[in-house]
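In what follows, a single structure is set out as structure tokens and then discussed.
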Amino acid sequence: MEKKKKTAGRPLKAADRIWFGGDYNPDQWDDATIDQDMKLFREAGINLLTLPVFSWAKLEPDEGVYTFEWLDRIIDKIWQNGIHICLATPTSAQPAWLSARYPEVLPVDIAGRRRTHGMRVMYCVNSAKYRERARAIAEQFAMRYAHHPALVLWHVSNEYGTTCYCPACQAKFRVWLRERYGSLEELNRRWFTSFWGRTLTSFDEVFVPNELNDDYRFNPAVQLDYMRFVTDSTAECFENEAQVLKRYNPEIPVITNMSGYIKKLDQQVMTAHQDAVGFDNYPSPWDPPYFVAMKHDIMRGLKNGQSYLVTEQSPNQQNWQPYNRLKRPGEVRLLAYQGLAHGSDSCLYFQMRQSVAGQEKFHGAVIGRSGKGDTRIFREIAQMGKEFNRLGDQFLRAETHAKAAILFDWNNWWALELASGPSRDMDYLKTVSLYYHAFHRHNIDVDIVSPSADLSGYFLVTIPELYMLRPGIADRLLQFVREGGTLVGTVMTGIADENDRCLFGEYPGPLREAFGIRVEETDALRPEENNVLTCAEGAEIGSGKTYRCGFLCDLLHLEGAKPLAFYGKDFYAGMPAVTEHYYGKGKAYYIGTQPDEEFLSDFYENLFADCGLSPVFSAEEGIEIRERDGEKGRTVFVLNDTEEPRRVDLGSCHWRNLLNDEILTGAQELPGREVLVLAPGEKAE
């Protein structure tokens, strides 16, 4: 199969280098401090500032009373210093007068309590009054700044994700259900309300799934639809402002920034409304590099491989974690290049200057409270600024041409973890990361795509815990295998439909014919329990070798598939646990348990060879290699994710390190947390 070329988007206007900078809150500082900041920004190579994210109260001190003059002066000063702006509507933090005068803008929590004013992103996205005032101030921004020469990007609100259970949401949820299902009879059928006698006789009998009725626990179909409704409502809230901004200048892209906690909203729906994906990258200090890399690849997949924007990350410690560990020397730079390697066209931070008070006063910043440019972090940022200036637009809007894919579905994520079993420890993101780790470990580029994606250009597709089979998904997967693709499925695949109703028949439902197996039942192991996998003698994968497994164990029966590994313990010892089945021109593998990382590494190493997938370079473990291909050719990123030196073999070709123009070939030792940014180069004379 020939890999189809994707069309890269061009979300940023006139970008001639990586957007570098981040959130600036000048309403906190006097003129002398701002002047000092401008000097340091120029010194660090900052070229983009995002503002004024949380300034609604200062811009509109009373309803319909606007005071933009202070912002005019600051924007002009920023532009005089050669820095572009990303203008954010300040609607994530409504002013106190709005909450006090119109309490209906405040959300109701899952316990049925109306929240009080104080926290940011603490409003109901369905409040008519909130939307009215948000649209009004967005229009003030558009009228004033839509054609300002500094403006390159609109940024609507900030980190959407509040779920509300107020009367307004309840009324709109009823309308949403009527539009989605058409009739009460269809709603009763989809929600299977005959269970526990919950049959509805009117849409007015639908209540929001909160703690007052326990539906949030005991009827997952209701909660699943409510999460979809919240996503649709939030997308409407975004459009409420975005449409105004677009009307005044359709040439300026409009985005919002996605919280690093990505589960709350279906981002495949949300980002369809945006010109580019914006992602706030806040890894925990304990997150392994592959987990951080996976989130970047999820972002790249949200708009069919289009480059995205890292809209926030921390230039040092993150104050809201239990232990606020400092970024080690080289770590800020390494994380920045990891984002660029996986498809980001920006490196933006929260925050540019450290606050003197408030909830995030201990959050790291490009400029610390000393206001000096001689700090460790500022020097590292300034080094990056010089490097980014050298890189220019070398790989902007460039693509990653992966020939392997992992299916990722927010609806599946919600449904799987709302299901009443088989284990309380269901963790979809963690499971996906275990499979992603095998690709990361072997430096095989992989796209993370929605179930509706075109699979025809991929050689290998993995569907971890694809519990929910929405309409058309099974047909596309079957066609993919029949036409020569290799499919990997896992335990908890093909069990429920889009309303969390279990499919009739044996699992994995309509995918049984591709996998050549049926699942009789699934054992859920306690955290302290485990089983083992013993590979068949002579098997291509781990012949005779034993690996650990656990969590869930399918009891499989073969219907044409060949067993590759067997359980070694419990009453199902000797039953197949991993299988292979030829189907049409392709093959489908089924992994009926959660194996250890060693098994997945060995398993995928064999599949990569079978599918003709290989890394750009061979390297020691701990080296991350990613490639982007654009108008200016290939760019290969080599990152040492460890603290110790690691080796990479660049082969016999010559490569130019774009960071210093050095020509490299053959084996190279990369110091801890060091990076290479390579393009094909001529041999030096």
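List the number of the failed condition for K246; all other conditions in (1) open to solvent by less than 40 Å² (accessible area, probe 1.4 Å); (2) not in a loop (DSSP other than H, G, I, E, B) hold.
(1)
Which strands (runs of 3 or more DSSP E) sit wholly inside the range 629-685 and have at least 2 residues that are within 29 Å of the chain's Cα centre (by Cα) and in contact (Cβ under 8 Å) with a residue 12 or more places away in the chain?
In the range 629-685, 633-640, 646-649, 675-680 are the strands (runs of 3 or more DSSP E) which contain 2 or more residues that are within 29 Å of the chain's Cα centre (by Cα) and in contact (Cβ under 8 Å) with a residue 12 or more places away in the chain.
Every residue in the range 481-535 that is open to solvent by 60 Å² or more (accessible area, probe 1.4 Å), acidic (D, E) and touching a residue at least 12 places away in the same chain (Cβ under 8 Å), please.
E483, E506, E513, E520, E521, E529
Can you tell me how many residues in the range 272-291 are open to solvent by 10 Å² or more (accessible area, probe 1.4 Å) and either aromatic (F, W, Y) or over 25 Å from I252 (Cα atoms) (or both)?
10
Considering only residues of the range 465-478 that are assigned to a helix (DSSP H, G or I) and surrounded by fewer than 18 Cβ atoms within 10 Å (Cβ to Cβ), which is farthest from the chain's Cα centre (by Cα)?
Here the answer is D475.
Filter the range 208-243 down to residues that are open to solvent by less than 60 Å² (accessible area, probe 1.4 Å), in a helix (DSSP H, G or I) and closer than 30 Å to R424 by Cα, then give me how many there are.
16
Just for the range 35-46: of the residues that are in contact with a Lys or Arg (Cβ under 7 Å, 6 or more places away or on another chain) and on the phi < 0 side of the Ramachandran plot, which one is surrounded by the fewest Cβ atoms within 10 Å (Cβ to Cβ)?
Ranking the candidates gives M38 first.
Taking the range 386-406 on its own, how many of its residues are in contact with a helix residue (DSSP H, G or I) (Cβ under 8 Å, 6 or more places away or on another chain) and either hydroxyl-bearing (S, T, Y) or buried (at least 20 other Cβ atoms within 10 Å of the Cβ) (or both)?
4
Within the set of pairs 6+ apart or on separate chains, which have a first residue in the range 356-380 that is more than 16 Å from N324 (Cα to Cα), a second that is polar (S, T, N, Q) and open to solvent by less than 20 Å² (accessible area, probe 1.4 Å), and C-beta atoms under 8 Å apart?
V366/Q351
Please work out which one of (1) buried (at least 17 other Cβ atoms within 10 Å of the Cβ); (2) polar (S, T, N, Q); (3) in contact with a Ser or Thr (Cβ under 6 Å, 6 or more places away or on another chain) is the condition T163 fails and give its number.
In the conditions (1) buried (at least 17 other Cβ atoms within 10 Å of the Cβ); (2) polar (S, T, N, Q); (3) in contact with a Ser or Thr (Cβ under 6 Å, 6 or more places away or on another chain), T163 misses (3) alone.
Yes/no matrix, rows are residues, columns are (1) without any contact (Cβ under 8 Å) to a residue 24 or more places away in the chain; (2) closer than 29 Å to Q313 by Cβ; (3) in contact with a His (Cβ under 8 Å, 6 or more places away or on another chain); (4) in a loop (DSSP other than H, G, I, E, B):
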position	(1), (2), (3), (4)
T67	yes, no, no, yes
I75	no, yes, yes, no
A93	no, yes, no, yes
A100	yes, no, yes, no
I110	no, no, no, yes
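Inside the range 129-155, can you point out the residues that are under 18 Å from V105 (Cβ atoms) and small (G, A, S)?
Scanning the range 129-155 gives A134, A136, A138.
Out of the residues in the range 445-464 that are of a type outside the set (A, V, I, L, M) and in contact with a strand residue (DSSP E or B) (Cβ under 6 Å, 6 or more places away or on another chain), which is surrounded by the fewest Cβ atoms within 10 Å (Cβ to Cβ)?
Here the answer is P451.
Looking at the range 575-624, what strands (runs of 3 or more DSSP E) fall wholly within it and have at least 2 residues that are more than 28 Å from the chain's Cα centre (by Cα) and of a type outside the set (V, I, T)?
Correct list: 576-583, 586-591.
Among the residues that make up the range 446-453, is at least one of them out of contact with any helix residue (DSSP H, G or I) (no Cβ under 7 Å at 6 or more places or on another chain) and outside any strand (DSSP E or B)?
Scanning the range 446-453, I find at least one residue that is out of contact with any helix residue (DSSP H, G or I) (no Cβ under 7 Å at 6 or more places or on another chain) and outside any strand (DSSP E or B), so the answer is yes.
Mind checking whether some residue in the range 365-383 is out of contact with any His (no Cβ under 6 Å at 6 or more places or on another chain), within 27 Å of S450 (Cα to Cα) and not acidic (D, E)?
Within the range 365-383, not a single residue is out of contact with any His (no Cβ under 6 Å at 6 or more places or on another chain), within 27 Å of S450 (Cα to Cα) and not acidic (D, E).
The values are calculated or read from the model by the stated rules, or taken from the named source; none is laboratory data. Just so we're clear, the structure is a prediction, and the values are computed from it rather than from any experiment. Note that we place each Cβ from the backbone using ideal geometry, even for glycine, and neighbour counts take in every protein chain shown. For accessibility, only protein heavy atoms count, side chains too; no ligands or nucleic acids. Shrake-Rupley method; radii C 1.70, N 1.55, O 1.52, S 1.80 Å.
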